[in-house]
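Here is the structure we will look at, set down as structure tokens.
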Amino acid sequence: MDTIEKYDLIYAVIARIPRGSVTTYGRIAAAAGLPRNARLVGRALRAAPDGADLPWHRVLNAHGAISPRDEASDERDQRRLLEAEGVTFRRGRVMLSRHLWDPDGGDG
């Protein structure tokens, strides 16, 4: 399987994340059939085509935090988008107990 095919599998999982929910890079990788490839999910998101209709802002690291980016404004934008969907934060992290979506089993 080539990289583009892997990215397509990842994008298909990301597209399913419901509004007001989040999931992690690792859970996306596992649901795409690519376990232990969380970093590949990050690369796929960076490589997403312009105009791709993906809810990228709903993807967090394993701790429920927004992953650092080159531009701090990107992190602020991600938080603002999540809060607009009703996602709540505590001490800089999303309350996973409330908002985690499990791509393999529905709500977390």
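No value in this document is a laboratory result; all are computed from the given coordinates. Everything numeric here is computed off the predicted structure, so don't read it as measured data. Heads up, the Cβs are rebuilt from the backbone with ideal geometry, glycines too, and the neighbour counts pull from every protein chain shown.
The calculated FRET efficiency for the pair residue 47 and residue 91, based on their C-beta separation and a Förster distance of 22 Å, comes to about 0.10. Ordering 33, 18, 66 by the projection of their Cα atoms onto the charge dipole of the chain, which places +1 on the Cβ of Lys and Arg and -1 on the Cβ of Asp and Glu, puts 66 at the extreme positive end. Between residue 63 and residue 12, what's the calculated FRET efficiency when r is the beta-carbon distance and R0 is 25 Å? Round to 0.05. In this case the efficiency is close to 0.50. Between helix 3-14 and the chain there is an angle of about 40 degrees, using the helix long axis and the longest principal axis of the Cα atoms.
When a/c is below 1.5 the answer is rounded, else prolate if a/b is larger than b/c, else oblate, so apply that to the range 12-108 with a ≥ b ≥ c taken from the square roots of the Cα gyration tensor eigenvalues. In terms of gyration-tensor shape, rounded. Taking every DSSP bridge with both residues inside the chain, close to 60 percent are antiparallel. Output the relative contact order of the chain, whole-number percent, from Cα pairs under 8 angstrom with separation of 6+ residues. It comes to 31 percent, rounded to a whole number. Measuring nothing but how far apart in sequence close Cα pairs (under 8 Å, 6+ apart) lie, relative to its length, the range 6-60 scores a relative contact order of 44 percent.
Take the Cβ atoms of residue 2 and residue 77, set R0 to 35 Å, and the FRET efficiency comes out at 0.65.
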